[in-house]
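**Student:** Supplied in structure tokens, the structure appears directly below.
The values are calculated or read from the model by the stated rules, or taken from the named source; none is laboratory data. From a predicted model like this one, the values you see are computed outputs, not experimental measurements. Neighbour counts are summed over all protein chains in view; Cβ atoms, including those assigned to glycine, are modelled from backbone coordinates with ideal geometry. Surface accessibility is based on the protein's heavy atoms, side chains included, excluding ligands, DNA and RNA. Shrake-Rupley method; radii C 1.70, N 1.55, O 1.52, S 1.80 Å.
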Amino acid sequence: RQFRRRPLVQRMITPDFEVVRPLGADVNARIQTVRPYYDYLPVARSLGNDLPQMDIRGVTPYLLAAASGDAGLMEFLAEHGADPKAVSSEGVNALMIAAGLGIEKGMTSEKDALEAARVALRLGSDINAAKNDGRTALHGAAFLGWTEMMRFLAANGSNLEAKDMYGEIGRAHV
């Protein structure tokens, strides 16, 4: 299987995975580091800030693969025991991350993010899940201006009227 990662990263992950797993490698390990929470809506657009719209606490390797738009790595990790229904400490799932809640502008292409979103949906991510502030996958896609992602979400049953804690509707951000 080919991943979208650089060859060195692919070499580090692929051939030795079955060797390190019995030694205690955990495909469901969670990030414990806390970085300052960034509340994007009140100031981000006025400052032109493109930081991801979530805290990384509780994020797993599978969720990181979703953030990088690496559908192949998501499938590989799921095949090797990663929980595809894992959520971050804020309740953010892989589909929400791939759709934009965990992505900085320019971090991945919309095309790659769409592939990751398709994998996440197929492997069980809830398309209408909301993080603790009410933001959904649609809010993330709209914030990044990803119209194809928004169409994909709408076509697969995303709630187009979901409001976040500010009363914002995701589709209104484009």
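**Student:** Determine whether A82 is farther than 22 Å from I31 by Cβ, small (G, A, S) and crowded, with 21+ Cβ neighbours inside 10 Å.
**Tutor:** no
**Student:** Can you find, within region 98-153, the residue that is least open to solvent (accessible area, probe 1.4 Å) among those that are of a type in the set (V, I, T) and assigned to a helix (DSSP H, G or I)?
**Tutor:** Going through the qualifying residues, I end up with V119.
**Student:** Still on this structure, I have one more. I want to confirm something. Restricting to region 161-174 and keeping residues that are in contact with a helix residue (DSSP H, G or I) (Cβ under 7 Å, 6 or more places away or on another chain) and surrounded by 14 or more Cβ atoms within 10 Å (Cβ to Cβ), which single residue is modelled with the highest pLDDT?
**Tutor:** Only one residue fits best here, namely A162.
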